[in-house]
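Everything on this sheet refers to the single structure shown next.
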């Protein structure tokens, strides 16, 4: 299933969506993680690979200046990202990280966060999930 970007997204949010989606696909290919499954969960685009933890992404009217990347709340993902990358994102509890729409995802360690989530079941036993400081 290919996710269609919601019509409500302004152009800058569409660009951020595409950049994050493309990075997920790039990571899966570069690290030979297998097929990326795209679906809608709770009305939001969701991406997963075998052995990983699902990743959802979304822009919302109530926080129009950021794009949100959601991770499973019963993992150590967000807590680890907060510890390793404390100033790289704004965090929403143990659920999400937010990236300003005006900031390139390539100026953040998002690719590392996505890789860790996509390999979660292989790295969950490692200190800091194997994350390296930016």
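Some observations on this one:
- Being part of a helix (DSSP H, G or I) and under 13 Å from the mean Cα position of the chain (by Cα) is a property that does not hold for residue 67.
- Close pairs from the stretch 61-86: first at pLDDT 95 or above, partner loosely packed, with under 13 Cβ neighbours inside 10 Å and part of a helix (DSSP H, G or I), Cβ under 9 Å, at least 6 apart: none
- Qualifying residue in the stretch 44-55 (condition: closer than 14 Å to residue 112 by Cβ and surrounded by fewer than 21 Cβ atoms within 10 Å (Cβ to Cβ)): no
- Among the residues of the stretch 101-134, those identified as exposed (fewer than 15 other Cβ atoms within 10 Å of the Cβ) and outside any loop (DSSP other than H, G, I, E, B) are 106, 107, 121, 122, 127.
- Filter result (touching a helix residue (DSSP H, G or I) at 6+ places or on another chain (Cβ under 9 Å) and farther than 18 Å from residue 114 by Cβ) within the stretch 6-40: 6, 9
The values are calculated or read from the model by the stated rules, or taken from the named source; none is laboratory data. Note that the structure is a prediction, hence the values are computed from the model and not measured. Please note: Cβ atoms are built from the backbone with ideal geometry, for glycine as well, and neighbour counts cover all protein chains shown.
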